[in-house]
Amino acid sequence: MINPALYIAMTPDKGRGVFAAAPLEAGLVIEVSPVIVLPSKDRVHLDKTLLHDYIFEWGPTKEECCMALGYIPIYNHSYRSNCEYFMDFETDSIFVKTVRSIAAGEELTINYNGDWNDETKVWFDAF
């Protein structure tokens with residue numbers, strides 16, 4: 001499920017991103033997408049490819065990884081994101097929820113650290 005108000009467009013400095021075509025309220029689940037779960041042995045190979053930037057650690061012990069479908073891989077990172085994501089290991093899915101009201105035209109961001117306001121440095125030089 002992807003909220004029909006979401007769309008993908010180019011950003012000035014981060015490539016593609018996810019945007020809101022209409023205002024979105026705080027606490028709204030805007031996407032639920034399935035994931036493809038991969039064993040840890042595959043992670044070694046993925047880390048040598050461009051897909052490294054798009055996969056998520058997966059499972060309670062983070063021994064596996066996954067490739068999320070839908071718009072999930074396109075959300076850009078922010079240390080003060082306006083959305084947060086949650087992993088459902090039972091249904092092999094990730095869902096995204098707004099943490100505050102979003103204006104029409106605003107880019108939707110997640111914090112790649114997992115918590116929407118976690119300021120721990122990520123593996124790349126974030127904007």
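The values are calculated or read from the model by the stated rules, or taken from the named source; none is laboratory data. Model, not experiment: these values are computed from the prediction. Neighbour counts are summed over all protein chains in view; Cβ atoms, including those assigned to glycine, are modelled from backbone coordinates with ideal geometry.
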Checklist outcome for this item: Looking across segment 86-103 at residues that are over 14 Å from ALA22 (Cα atoms) and of a type in the set (S, T, N, Q), the single one that is surrounded by the most Cβ atoms within 10 Å (Cβ to Cβ) is SER93
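Report whether or not TYR71 is at pLDDT below 95, surrounded by 13 or more Cβ atoms within 10 Å (Cβ to Cβ) and within 12 Å of the chain's Cα centre (by Cα). Outline the logic, then answer.
Working: at pLDDT below 95: no; surrounded by 13 or more Cβ atoms within 10 Å (Cβ to Cβ): yes; within 12 Å of the chain's Cα centre (by Cα): yes.
No.
Being among the acidic types (Asp, Glu) and at pLDDT below 95 narrows it down to one of ASP92, ASP47, ASP88, so name that one.
Working: ASP92 fails: at pLDDT below 95; ASP88 fails: at pLDDT below 95.
Testing whether each residue is among the acidic types (Asp, Glu) and at pLDDT below 95 leaves just ASP47.
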Next on the checklist: Restricting to segment 63-86, name every residue that is without any contact (Cβ under 8 Å) to a residue 60 or more places away in the chain and hydroxyl-bearing (Ser, Thr, Tyr).
Outcome noted: TYR75, SER78, TYR79, SER81, TYR85
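Would you mind finding the one in PRO23, PRO12 that is closer than 15 Å to GLU106 by Cβ, out of contact with any Lys or Arg (no Cβ under 9 Å at 6 or more places or on another chain) and in contact (Cβ under 8 Å) with a residue 60 or more places away in the chain?
Details: PRO12 fails: in contact (Cβ under 8 Å) with a residue 60 or more places away in the chain.
The conditions single out PRO23.
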Checklist entry - What do you reckon, is PRO60 surrounded by fewer than 15 Cβ atoms within 10 Å (Cβ to Cβ), of a type outside the set (Asp, Glu) and touching a residue at least 12 places away in the same chain (Cβ under 8 Å)? => result yes
